[in-house]
Each structure stands twice: as C-alpha cells, then as structure tokens.
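The values are calculated or read from the model by the stated rules, or taken from the named source; none is laboratory data. For clarity, every value in this text was computed on a predicted model and none was experimentally measured. Every residue, glycine among them, receives a Cβ derived from its backbone with ideal geometry; neighbour counts consider all protein chains shown. In case anyone asks, the SASA skips ligands and DNA or RNA and just uses the protein heavy atoms, side chains included. Shrake-Rupley method; radii C 1.70, N 1.55, O 1.52, S 1.80 Å.
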There are 2 protein chains.
Amino acid sequence: MADESQKWVLLATARTPTNIAVIKYWGKRDEKLILPVNDSISVTLDPDHLCTTTTVAVSPTFRQDRMWLNGKEISLSGGRFQSCLREIRSRGGDVEDKEKGIKISKEDWGKLHVHIASYNNFPTAAGLASSAAGLACFVFSLAKLMNVNEDQSKLSAIARQGSGSACRSLYGGFVKWIMGKDENGSDSVAVQLADEKHWDDLVIIVAVVSSRQKETSSTSGMRESVETSLLLQHRAKEVVPKRILQMEEAIRNRDFGSFAQLTCADSNQIINLAEKWNRAEGTPQVAYTFDAGPNAVLIARNRKVAGLLLQRLLYYFPPNSDADLNSYIVGDKSILQDAGLGGSKDVEALPPPPEIKDNIPSQKYRGDVSYFICTRPGKGPVYISDESQALLNPETGLPK
Amino acid sequence: MADESQKWVLLATARTPTNIAVIKYWGKRDEKLILPVNDSISVTLDPDHLCTTTTVAVSPTFRQDRMWLNGKEISLSGGRFQSCLREIRSRGGDVEDKEKGIKISKEDWGKLHVHIASYNNFPTAAGLASSAAGLACFVFSLAKLMNVNEDQSKLSAIARQGSGSACRSLYGGFVKWIMGKDENGSDSVAVQLADEKHWDDLVIIVAVVSSRQKETSSTSGMRESVETSLLLQHRAKEVVPKRILQMEEAIRNRDFGSFAQLTCADSNQIINLAEKWNRAEGTPQVAYTFDAGPNAVLIARNRKVAGLLLQRLLYYFPPNSDADLNSYIVGDKSILQDAGLGGSKDVEALPPPPEIKDNIPSQKYRGDVSYFICTRPGKGPVYISDESQALLNPETGLPK
C-alpha cells in the first residue's frame, strides 16, 4: 500500500434509484441477514425524479470512517452500514492508478478508512423509500471504488443486508426479490424481470401526504409536520372543523350515510377517487398502493390516462390558493401540459369528474396533499465518472 | 397520616374502554402537553370486548411506585405515567376508613407510594389502541383511590397528557376531543356527544391483521409476527407465490388490468370489499377506517347488515382449515348466528357475494386476517367495587 505520507484521494460516485413494491414483502425469516418470508416485486422509479447520489472515497490520510447525509455528518456505526461495508471490503480487488501514484492491493481495503457523502434529491423525511435507494447506492459506489468483481445480483444480496428493499434498487425496470432458501442468504437476491423500456407508457404519480400522520405514528414525525407544514395548518383550520360539524350532525341524526362518508373520507380519499373512476370506466385506469408512510402511489396505464388522473387529483386535492402549481407538481411536469393545466386558473376551472355526477356532491381535500411527484419506470444504478459531480472534494476527501 | 408501622392497603379498581377515531387527530401543537391541532371524534368500544382493567393501591408499607402490565412488572419512569401521576396526586382529597384504620389527608398523597396492576382483555401488541384504554384507566382508577374531586372532563385533560387519544376513553358512546385554545391545555378536553344507547344498532367489526406489516414497519413487529403467526406462514407459502406468478405474467404481457388488480389487492382488500358492496347497494352499508397499525375497523349500520358483512368477510378471508371459527370470530359471537354461520362447513359453503358476480373471478385471502372482533358502541369507565376482582392482593398490595 502507498505509505501514509501520500496525499492521494481515490473517489467513486454513483446514482441509484428508489423503488415501489407492487407485491410487498410481509415479514422476515431472519432478522439479522434480512431474509424475507416471501418473494416481492417492485417497479424502479426514474432516478431523474427520485434518486440517491453517493460519493465514496479512500485515502491514506483518513483517520476514521465518516459519513455525511444531505450535508450533515451522521454516525456510520449502525449495523446495517457496517454489514455492507464489511462485505464489500472483504471482496475488494487490486486498484492501480499510476498517474495519481495510487496502488492498493486487495488486502489493503480493511486498513483504509472511507469517507461517504450521500444526497437524496427528494425529502428524506417524506416517507419515500430513501433507505432503499440509500443503501443500494452505498453498496454500489463502494463496490466500484474497491473494484469488487461481483455481478449485480451478488451486490443486491449485500445491499439487502443493509435494508431489505434496497436489493431491488440494484436494477431498473421491473424487479423481483427472490426470497431464497439458503440459511446464509446467498440466494436471497434481486433479479430483473424486465427493463424500463419494456413497459414505458406507465406513469407513476406519488402523492406526498406529508402531514398525514396516523394517530399513533411517531411523535417526532408529528412534531416535524406541524412545525413545517403550512398545509397542515390549513387543513387543521379549514378542512377538519367542517368535517367535525358534519360528523356531529350525522351522529345526532343517526345518519349512517353521512357517518360512513365522513369516516371513510378521513381514511382514504385517494383510494375512493381511484375506485370510483376505475368503476366508471369498466376497466382499471389506475392502480394504487401505499409504501413507506402514508404516501399514496398511483400508477396510470399510459400518459393520456395520467393526464386525466392529474385532472382528478387536482380537482379533489387542489393546491392552496397561494401555492405555486410549479412546486405542487414536481418531476415530469409535462403531464400538466397533457392535462391542459397551464396554471392555477386552469385548476380552479376544473369541472367535477363525470363519474361523480350522480353521486353525493363532491368534497374537496385542499391541504391534504403536500405535493405530487410525476415519474415513470426508470433505470438502475449508474456510475458517474465526471469528478465535478462528486459530492466529496477530490483533494481533501471532505464534502464540497 | 397513619404511621408506617401500619399494615393497611387501600385499593381501587376500574375498567376503561378503548375507542376508535372516526375523525382523527392529525398532529400536535404542543408535544409535551399533547395538545392537538384539530378536534377529533371517536366511538367508544364495548368494554366487554375490549378494555383495560386497572387496580391501584397505596400503603405505608410500599417502598416505591411500581407497575405491572398483564402480570409483568414494567417501568413507571416514563414521562407519560409520571405526568398523570403527578397531576392526580396534587389533586388528591382526604380519605378515611375507620374500619380499616385508614386516615389519609390530602397532603399525604405525595409521600405515599402506589402500586398499579393493569390488564388488557385483548392482545397489547395487536395494534389496537391499548394506550388509550390504559392511560385512561390509570388516571380514572388513581382519581378514585385518591378521592380526586374533579369532573370527568378535567380527568380527560389529565389522561390526555399520558396519551392523546386516552382522553376520549373517559366517556362512553360518541366522544369529541376539543382541541382547546389555552396554552396550558386546560380546555383541551373530551366531551360526550351522545351516549352508547343513542345509536345502539351500529355493529363494529375489527379485523386484526396481525401479520400485515408495511415494508417499512418496525423490525420488532415483523419478527414477532413471523415467529408467532402460523397464518403468516400460510400466507407466505400459499397466497403470495400465486400472486407473484400472476404479477410476473401481467408485467410480461403489459396487462394493466391484472397489474392493477394485483397491486391494489396487495394493499387494500378490505376497502375493496366494502366499496364494492356499498356501490352495489347504492347506499353505504358499511364504513371503514384504520387506526393504530394495519387493522381495519368496519362499522355496519345495523345487526342485519353486520351479519351480511360477516358473510362477506368470511367469504374473502376464510379461516385456515384447521382454525376454529370460535377463535376466529371473537367478542359478540351472536353475529355469527345472525349470519347463519354455525361452523366451518357453513363458511366453506358461502356463495360469492352477489355484487362480484359480473366481475373478475373473486380471489380469496386466506391467512390475511388473524381474527375478527365483533363489538358495538359501549359505555365509559366504571369503578369496580368488588374487591375479589382487584388485580392486586388487598393484603400485600402485590399482583394476585
């Protein structure tokens, strides 16, 4: 190994997508190795809209392993990071860069400390599967740095030990995590069922319901949402009081119709919207599922349907009057144009969807959704060779 | 105060219901005092089916405050217990029992240690709102023991500081938790909208989905469910593999109808069931909501409808062949008779509900539900004077 007086820093940067399970995993048969009790299937989301970027570095000058997430230093001592780091280190290969004077043999990896900087292009706290993208990127970028000669499937088994669903973020498109049989987990790996081009007219819309907290959810999550979310304040001040009055009246009159409508509305507006529409059309236009936290994920069969879906979503869940449509619909904003929605005025002018015409007058849920992310099935991890995009300074090995 | 050489133990026992929010609370404006950002409304569940029983005791012989939950000693040091205990102690009144030679003046409460034994008649870990019933019972029984001369509404403000939704368990029937305005929380209290007799034909069915764990739910919850649930094993071995194959085929063929059906099914079978039926009937027969954890709460408009609902629930979610119907439907089992379901054979013979006749062949979800609790709106806390029902030994002050 180059002696410690040397000043070189060796870097690798990668970008990894997140994924949404359409058949979920329901439990673990081994807690430590994260081995599931069933296979699961996911769609990888376009990393242009939702991804983690990670730069990893080694240098003889580093005195300890360190990690920064979104610019803030965090502890690397967690078991999930340590498992992945140990697995990758033990598989490292020889690296030589004569120009920089770097020569590392595979035995050296255990002695060299790493610096890791990671960045999510979406709110970490929003309940989107940031740990899936994060751990996948951690493993993928370290494997690149340490010249690990393993196929993607082997890497997925390592990422799995960091965060179960992370193994599915090693591939683009449609991915299956095979539960496997081995006690050591070597066959509990992800495989690609089809790449992102196979079914590329699907549109995925994530409704980020930042304020939606189950009554029993974590205390800190609630505090954060109250402090940060003007939308929640609006909801608490404008939306709920009306429903409280209606519910009191329904109880007073033993009016089961209103009671049921209000009870269900408080639980599942987005499901109601999707079910009502699918039913009216006769064939499913949109699938829905829920992932980490309360966010709803809607999958439209094609771009045309996605435009119609966005009209419905904006009809039921309009932005606050002072909110910018541009920050309310993020990701692939072209769906807005497809839906004929150029600005807030177009949203206000949206007519009720035809399928509710004969029903109970429609209720609006202004303030229930924080914002929508429009995206699509996307590609798997990529290695970013352009050093200007690295998150660590190539001279110091510290965050830029 | 009686001197410490005396051996008396003074006891009080109470039973307190749990409650299900039909308009939920969405966040806290004050974390420490547990002050919500909106009013909420709940239905109190019949304590015969779901309740907490708590015995509290004081004695000059007790050396420290101690608590047992379901027979196991737990720490009382948590802030939520301490807040409630402090509030009640400071409001204690004089107590005299000449027969037992007990004389306690209100100043003594701060010096006397308490023993508390609490028991839930339902699984604590099942994700049912055990903390609501538990903290309400903690406060209600202590207030009785210490002769606190406050109305139920004041007690609700104390219970609220232990667990927000606990304040609603101080009343039976239909209850509103008023968010209040005062900074000190004195007006953030529960009030009764109507008692349990006001609308007594409602039937409430709780589907305890013990194994249903979101992908990101707590690790320990998952472990418990895997180790304890044979149903989950069945689901993992029999149900999911079929869906995995169907999903792979749907992706291969870009078959959006099947893709949507499988995605939504994995998320929300119970909602689908309810929506489909309500739609077919034209007017809502059943309301649904979700409370702590993944359990679904279904509210049927009357007993007749509840029988029809149970037929549907058992059609879609049959018990495992070797499971006893008697342990699959708990609480008010008379609904089973109403539904004409005397045993497992009747369940197997159930025809598909008429509303799915023209639809895609119906899928069964054997193993998805752990068991169903049939219950109804119920009464508020009661004081149990029969000492034979106390959970602490009146001689020793220790759990029986």
What does the buried accessible surface come to for B and A, summed over both chains, with the probe at 1.4 Å? Round to 100 Å².
6900 Å²
Could you compute how much accessible surface A:H198 exposes when probed at 1.4 Å, giving the result in Å² to the nearest 10?
50 Å²
Residues of the range A:19-41 buried by at least 40 Å² on assembly (accessible area, 1.4 Å probe, chain alone as reference):
A:V22, A:I23, A:K24, A:Y25, A:W26, A:K28, A:E31, A:V37, A:I41
What is the mean number of Cβ atoms from other protein chains located within 10 Å of the Cβ atom of each residue in peptide A:282-290, rounded to a whole number?
5
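What order do A:K24, A:K98 take when sorted by accessible area (1.4 Å probe), most exposed first?
Per-residue accessible area, sorted high to low, gives A:K98, A:K24.
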With unit charges on the beta carbon (Lys/Arg positive, Asp/Glu negative), name the residue among A:G79, A:W8, A:I20 whose Cα is farthest towards the positive pole of the charge dipole of the range A:1-102.
A:G79
For A:E249 and A:S75, extending 7 Å from Cα along the Cα-Cβ vector and measuring point to point gives, in nm, a value of 5.3 nm
Take every residue in peptide A:172-180, count the Cβ atoms of other chains within 10 Å of its Cβ, and give the average of those counts.
2
Ranked from the most accessible area to the least, with a 1.4 Å probe and all protein chains present, what is the order of B:L245, B:L309?
B:L245, B:L309
What do you reckon, how do A:E249, B:E183 stack up by accessible area (1.4 Å probe), largest on top?
B:E183, A:E249
Using a basic spin-label model with each label point 7 Å from the Cα along Cα→Cβ, how many nm lie between B:E183 and B:K7?
5.3 nm
With a probe of 1.4 Å, find how much accessible area the range A:38-178 has per residue, and write the answer as a whole number in Å².
35 Å²
Using a 1.4 Å probe and ignoring any ligands, DNA or RNA, find the accessible area of B:Y25 and quote it in Å² to the nearest 10.
10 Å²
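Distance check, please: which entries in A:K32/A:K106; B:K154/B:K181; A:K28/A:K379 exceed 20 angstrom between their Cα atoms?
Details: A:K32/A:K106 27 Å; B:K154/B:K181 15 Å; A:K28/A:K379 27 Å.
Distance filter (> 20 Å) returns A:K32/A:K106; A:K28/A:K379.
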Using a probe of 1.4 angstrom, how much of the accessible area of the range B:29-188 is carbon and sulfur, in percent?
46 percent
Counting only residues 5 or more places away or on other chains, whose amide H sits under 5 Å from the amide H of A:N19 once H atoms are built in the peptide plane?
A:L45, A:A133
In nanometres, what is the gap between the two model label sites at B:K100 and B:Q389, each 7 Å from Cα along Cα-to-Cβ?
1.7 nm
